[in-house]
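As structure tokens, the structure follows; a few thoughts come after it.
The values are calculated or read from the model by the stated rules, or taken from the named source; none is laboratory data. Note that the structure is predicted; figures quoted are calculated from it, not measured. Every residue, glycine as well, gets a Cβ built from its backbone with ideal geometry; the counts of neighbours run over all protein chains shown.
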Amino acid sequence: MGQVGDMMNKAFWVLAAVTALMFAYAPVAIAGAPYESTMLLVQKIFYFHFSTWMALTAAVVICGTGSAIYLFKGSATADRLAFAAAELTVVFGAFGLVSGSLWARKAWGHWWQWDNRLTMALLLELVFIGYLLVRKYGGPGAEKLSTAMGIFGAATAPFVYKSVDWWRTIHPKTSVMRSLGTTSPEMWRVVWFCTFAFLLLFTLLLVVRVHLEERRAELDRLYLEAEG
Amino acid sequence: MFVKTALLVLKKDFTIEAKSGEILYTTLFFAVSCVLIFAMAFVKEGEPVDGAGAGILWIAVFFAGNLALGRTFERERYAETLRALLLAPAPRPAIYVGKLLGIVLLLLLTELVLVPIVAFLFHVALFTRPLFLAALLVLGTIGFASVGTLFAAMLVRTRARDVMLPILLYPITIPVIIAGLLGTSALLQSPVDEPMAILWIALLICFDAVFVTLALWMFEPLMTE
């Protein structure tokens, strides 16, 4: 166990260093990418905006799956994973909403529009804030409640993703990303570089958060032992 | 067995309610006073604010629904009857369906009273396409109640249940209220925007299918201690 733990520890720090380097290089790469023809400089925010939502997608999927596994198998690790992922969903969601809002101010002239994609994204954020509230203030038995919340939240996520294709909204469609590889390979490369950096950051934060939850559970167990 | 159990649970709730009438009357009173408050706020010199009617109808339904859900399960908690129900040798999803049917019926009764009041107070032509409106209301109510019944049943065991129910319920069911609301608004336009209303009805069907499936799937493990 000790050796594996050591290796995990080393791997963690190596990954942390890689992530730091990637984030240090990201601005350079973004500055070097070609200008978008209509939006020019403002479009640069897209690289982080898109990456954030990709990290958020990973968080939502993990939270939903973790919740489902906890519900049917009763695995405590899955529950911790779901909890950690829910927190990260809120964090990345807040960043995504803010970066989108900044971009919207310049591109559409408004900070916020009650457009379908934006509304659905905000709702997803609300569901996971609800998750955390229940978890914190629900008292005993709150794990199961938040589990149901996580599963419902993950179930609404596809609606958020598809909302832009179903309605004519002001937000760009999902097909923009699929065609970017052919229209502008250079931009495409930078986008995926940033996405990878965000996913790495997400993984690191997730590992730290799960580890913390494990420590907490261990502490609780020790308290119980000392009292009993 | 499944259908029979569900109907038995429904019959039980109906018998209690028919005797006391507590939940129906309190929910109705709350919903109507909600609409009256909105009417005082949004009707100026006999002219209501444009497009307020549809929103107020749905808000009143959701607020009243929250209250009804809380009361229904409070009654089950009071005499520990929910535990007895769960101990019965019956499929648990059937118990869920029975409770769900009860709440949906109760809310539909409330809506029967609310719709004319809103139409009258806010001068909205809610009855031009009665079938569309009925479809929107029934589907919206099912979507709201399916999630609500699941959470209210789980919350029976938790403290701070009154606060937790809306926190859990509203973020998840806001898409339903939006779909119902925009569908109703489409019906109120002149001429009536039928394709738009159909789109929202279709979306409500999607939401209902997802919510009811998930709730049926999760009810058993969630209610196991």
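Some points to look at:
- Residue check, B:Ala134 assigned to a helix (DSSP H, G or I) and either over 24 Å from B:Pro195 (Cβ atoms) or within 14 Å of chain A (Cβ to nearest Cβ) (or both): no
- In this structure, B:Thr224 does not satisfy being within 8 Å of another protein chain (Cβ to nearest Cβ) and either touching a strand residue (DSSP E or B) at 6+ places or on another chain (Cβ under 7 Å) or without any contact (Cβ under 8 Å) to a residue 24 or more places away in the chain (or both).
- For B:Ala125, the stated conditions do not hold, so it cannot be described as surrounded by fewer than 22 Cβ atoms within 10 Å (Cβ to Cβ), more than 12 Å from chain A (Cβ to nearest Cβ), over 26 Å from A:Gly153 (Cα atoms) and within 17 Å of the chain's Cα centre (by Cα).
- Only residues that are closer than 18 Å to A:Gln43 by Cβ and either of a type in the set (Gly, Ala, Ser) or at the interface with chain B (Cβ under 9 Å from one of its Cβ atoms) (or both) were counted in the stretch A:107-119, giving 2.
- Filter result for B:Leu216 (in contact with a Phe, Trp or Tyr (Cβ under 8 Å, 6 or more places away or on another chain) and either modelled with pLDDT of 90 or more or within 9 Å of chain A (Cβ to nearest Cβ) (or both)): yes
- Just so you know, in the stretch A:120-160 the residues that are more than 7 Å from chain B (Cβ to nearest Cβ) and hydroxyl-bearing (Ser, Thr, Tyr) include one that is nearest to the chain's Cα centre (by Cα), and it is A:Tyr131.
- Scanning the stretch B:187-195 turns up one or more residues that are more than 10 Å from chain A (Cβ to nearest Cβ) and either of a type in the set (Gly, Ala, Ser) or under 17 Å from B:Leu101 (Cα atoms) (or both).
- Per-region count, the stretch B:190-217, residues of a type in the set (Gly, Ala, Ser) and within 16 Å of the chain's Cα centre (by Cα): 2
- Search result, residues across the stretch B:171-181 that are touching a residue at least 60 places away in the same chain (Cβ under 8 Å) and either of a type in the set (Asp, Glu) or at the interface with chain A (Cβ under 10 Å from one of its Cβ atoms) (or both): B:Thr173
- Residues in the stretch B:25-50 that are aromatic (Phe, Trp, Tyr) and over 14 Å from B:Gly65 (Cα atoms): B:Phe38, B:Phe42.
- Residue in the stretch B:156-165 that is of a type in the set (D, E, K, R), under 18 Å from the mean Cα position of the chain (by Cα) and either at pLDDT 85 or above or outside any helix (DSSP H, G or I) (or both) present: no
- Residues in the stretch A:24-65 that are of a type in the set (Ser, Thr, Tyr) and either surrounded by 18 or more Cβ atoms within 10 Å (Cβ to Cβ) or at pLDDT 75 or above (or both): A:Tyr25, A:Tyr47, A:Ser51, A:Thr52, A:Thr57, A:Thr65.
- Test: residue in the stretch A:78-89 that is within 9 Å of another protein chain (Cβ to nearest Cβ), in a helix (DSSP H, G or I) and touching a residue at least 12 places away in the same chain (Cβ under 8 Å): no
- Looking across the stretch B:1-35, the residues that are in contact (Cβ under 8 Å) with a residue 60 or more places away in the chain and over 21 Å from B:Gly98 (Cβ atoms) come down to B:Leu28, B:Ala31, B:Val32, B:Val35.
- Out of B:Ile95, B:Ile142, B:Ile167, sole residue that is closer than 20 Å to A:Met149 by Cα, among the hydrophobic types (A, V, I, L, M, F, W, C) and more than 13 Å from every other protein chain (Cβ to nearest Cβ): B:Ile142
- Residue, modelled with the lowest pLDDT, within the stretch A:167-198, restricted to residues that are buried (at least 16 other Cβ atoms within 10 Å of the Cβ) and in a loop (DSSP other than H, G, I, E, B): A:Thr169
- Residue in the stretch B:60-67 that is surrounded by fewer than 21 Cβ atoms within 10 Å (Cβ to Cβ), in contact (Cβ under 8 Å) with a residue 60 or more places away in the chain and in a helix (DSSP H, G or I) present: no
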